[in-house]
């Protein structure tokens, strides 16, 4: 977590480096994503170069171009999930000063989303 006055693009590379290994398949776990999707706020040749050096394909929308970069078909999933989290008042406006308490409310919000999803499906 970072402060509200910290720009997102400065945290792009540390965020990618902090991705934990993905287990599940037999063999060596995956340590990095194949590609990274981002909006115009992440458009920077330096970041594109750093992602390519790590073996990640950057799919970042270019600044000063027409809308319709094609990222919307993937981005709506993220926007929908954030709107579900913002249904919880304590996540819409951050009242907690401590990161661990805010993280706990994020986990509770994610549990509520999963519970509602599975309760309304034919999964069980």
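Kindly indicate whether any position in the range 96-109 is in contact with a helix residue (DSSP H, G or I) (Cβ under 9 Å, 6 or more places away or on another chain), surrounded by 12 or more Cβ atoms within 10 Å (Cβ to Cβ), closer than 17 Å to residue 2 by Cβ and touching a residue at least 60 places away in the same chain (Cβ under 8 Å). Within the range 96-109, one or more residues are in contact with a helix residue (DSSP H, G or I) (Cβ under 9 Å, 6 or more places away or on another chain), surrounded by 12 or more Cβ atoms within 10 Å (Cβ to Cβ), closer than 17 Å to residue 2 by Cβ and touching a residue at least 60 places away in the same chain (Cβ under 8 Å).
The sole residue among 49, 28 that is in a loop (DSSP other than H, G, I, E, B), more than 22 Å from residue 75 (Cβ to Cβ), more than 16 Å from the chain's Cα centre (by Cα) and not assigned by TED's automatic domain parsing to the domain that holds residue 77 is 28. Restricted to the range 3-20, and to residues that are modelled with pLDDT under 80 and exposed (fewer than 12 other Cβ atoms within 10 Å of the Cβ), which residue is farthest from the chain's Cα centre (by Cα)? My answer is 5. Take the conditions (1) surrounded by 11 or more Cβ atoms within 10 Å (Cβ to Cβ); (2) under 20 Å from residue 42 (Cα atoms); (3) free of Cβ contacts under 8 Å to residues at least 12 places away in the same chain; residue 66 misses just one of them, which is (1). Every condition in (1) over 21 Å from residue 6 (Cα atoms); (2) at pLDDT below 85 holds for residue 54 except the one numbered (2).
Residue count for the range 31-46 satisfying the condition of being in contact with a helix residue (DSSP H, G or I) (Cβ under 9 Å, 6 or more places away or on another chain) and assigned to a loop (DSSP other than H, G, I, E, B): 5.
Residue 33 falls short on exactly one of the conditions (1) farther than 30 Å from residue 116 by Cβ; (2) surrounded by 10 or more Cβ atoms within 10 Å (Cβ to Cβ); (3) within 16 Å of the chain's Cα centre (by Cα), and that condition is (1).
The values are calculated or read from the model by the stated rules, or taken from the named source; none is laboratory data. Worth saying up front: this structure is predicted, and the values here are computed from it rather than measured. For neighbour counting, all protein chains shown are included, and Cβ atoms are generated from backbone atoms with ideal geometry for every residue, glycine included.
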